[in-house]
Amino acid sequence: MRLFLRLAWRNVWRHRRRTLIVVLAIGLTTALMMFYQGLMAGFDQAIYGNAIKVMGGNIQVHAAGYDEHPDVHPMLPLGDADAAAIVAAATRSPRMLAATRRINTGGMVSGRKGAFGVGIVGVEPEAELPASLVGQHVAEGRNLIADDRDAVLIGRGLADAMEVTVGDRVTLVGRATHNQMRQRTMTVVGIYDLGMGEVEKGTVYVSLAAAQALYLAPGQSTEVVLWLQDLGQERAVMRDLAPDMAAYEMTSWRTSFPELTQTMATKGAVMDVFGVIMLGVAGIGTLNLMLMAVYERTREIGVLGALGLKPGQVSRLFLLEGVMMGAIGALAGVLLGLAFNAIMGRVGFDFGQFTDVTAYTALIDGRVYSTLGLEKMPQYVITAIAISIVASFYPAREAARREPASALHYV
């Protein structure tokens, strides 16, 4: 086998121009796929990562029985000691951006223009601010503070629909424990603007202390939200926290927001098909070049046969050449892709002018930064080499079928 490897390596570099064309075709395709993967991962962080921050964090921790409860947002309390223990355990993770307590319930908000069904969320405003897009995008008035008891933060879409502004009074009706409905008139202290009107109509925010007084009990909450630094770290964090969370229910956004999970899975499948098509095009080029090599080296094939190489061994030699060129091209593509993604990870792409195109792009905060694209790098390398093997198979078979006597007299 060592002899065949040496012969194949020598033959690869005997025809440098042909080898360079194959390596460039496979390398540039692999680099483009890695760049595309890095860019899409950057978009995931900019769009889906921010969407998760709006919807309620990367990971949610609830009391036992929360998921099996028939209500959408059951008022199953986490005691003050339980919530404090969860927050303390979570903040020890280096991947954690913030860990905060919340109360989630459903209800209505009403004003001069009628009543609107909303989700009512009690939050710790100062603790959430580093991770909360709502708190970071207060367009009018101010954000909530922990001591607020008579204050509500609403979205631009809801404010426009209700025709209210900062300083106006609205009435909140929310579901408390034992399915009791509690009502209170509050002052609009701020209006947040995410550029997503439908989302802004669906949720209003009050301080955790106000929500406890209205719907639950002082010192209690219905969930602890864990906000991570990057999207995709959820499984590792949940695995690390599992011993400390044995008495609670811990779910990630993949379970809580299945429609978002499905959207990302569909995008990934489309990207994989796109990548295989691109490598297939490069494989056709490799097939053409390898087939040309068979005809150019007909006399050489005859010499190899005359020296005693069997047809299967001649075929193996050409297959090894294809594998080597595919491996070299894949390696070159990986290095080029990593270099380009590293540069774009620092410089970024300015998508600020496209934030108003769709509701999701409104979540892009100016620039999108590529990741290194390592998530599917092994898959791309294996696929590139596999396509090189497939592309080399027919030329290798043609080489093996050459009769040594006729090949020696080929002109």
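Any read-out appearing in this document is the output of simple, stated calculations on the displayed coordinates, not a laboratory observation. Note that the structure is a prediction, hence the values are computed from the model and not measured. Neighbour counts are summed over all protein chains in view; Cβ atoms, including those assigned to glycine, are modelled from backbone coordinates with ideal geometry.
From largest to smallest, the equivalent ellipsoid semi-axes obtained for segment 30-162 from the alpha-carbon gyration tensor read 29, 23, 16 Å. Proximity of backbone amide H atoms, modeled 1.01 Å from N, is registered between Gly106 and Ile120, Arg175 at under 5 Å, excluding neighbours fewer than 5 places apart on the same chain.
Taking amide H atoms as placed 1.01 Å from N in the peptide plane, the amide H of His15 has no partner under 5 Å among residues 5 or more positions away or on other chains.
Sorting the segments 386-392, 321-327, 332-338 by their residues' average number of neighbouring beta-carbon atoms within 10 angstrom, most packed first, yields 321-327, 386-392, 332-338. Here the spin labels are modelled as points 7 Å beyond Cα on the Cα-Cβ line, and at Ala213 and Gln229 they lie 3.8 nm apart. The Cα center of segment 1-44 and the Cα center of segment 113-151 differ in position by 53 Å.
Report the equivalent ellipsoid semi-axes for segment 106-233 in whole Å, largest first, defined as the square roots of five times the eigenvalues of the gyration tensor built from alpha carbon atoms.
For segment 106-233, the ellipsoid semi-axes come out as 21, 19, 13 Å.
Ordering of 50-63, 89-102, 133-146, 236-249 by packing is 50-63, 89-102, 133-146, 236-249, highest average first (other Cβ atoms within 10 Å, averaged per residue). Residues whose amide H lies under 5 Å from that of Glu140, counting only those 5 or more places away or on a different chain, are Ile191; hydrogens are built 1.01 Å from N in the peptide plane.
Contact order, relative form, for segment 59-230: 35 percent (alpha carbon pairs under 8 Å, 6 or more residues apart, mean separation divided by residue count).
Grab the beta carbon distance between Ile277 and Met55, set R0 = 35 Å, and tell me the FRET efficiency rounded to 0.05. With R0 = 35 Å, the Cβ-Cβ based efficiency is 0.55. Once the chain from Ala88 to Met181 is taken as fully extended at 0.36 nm per residue, the excess over their C-alpha distance is 30.2 nm.
Between Arg16 and Ile343, the modelled label-to-label distance comes to 2.5 nm, taking each label 7 Å out from Cα in the direction of the beta carbon. Placing dummy labels 7 Å off each Cα toward the beta-carbon, the span from Asp67 to Leu374 is 3.0 nm. Sorting the segments 310-316, 8-14 by their mean number of nearby beta carbons within 10 angstrom, highest to lowest, gives 310-316, 8-14.
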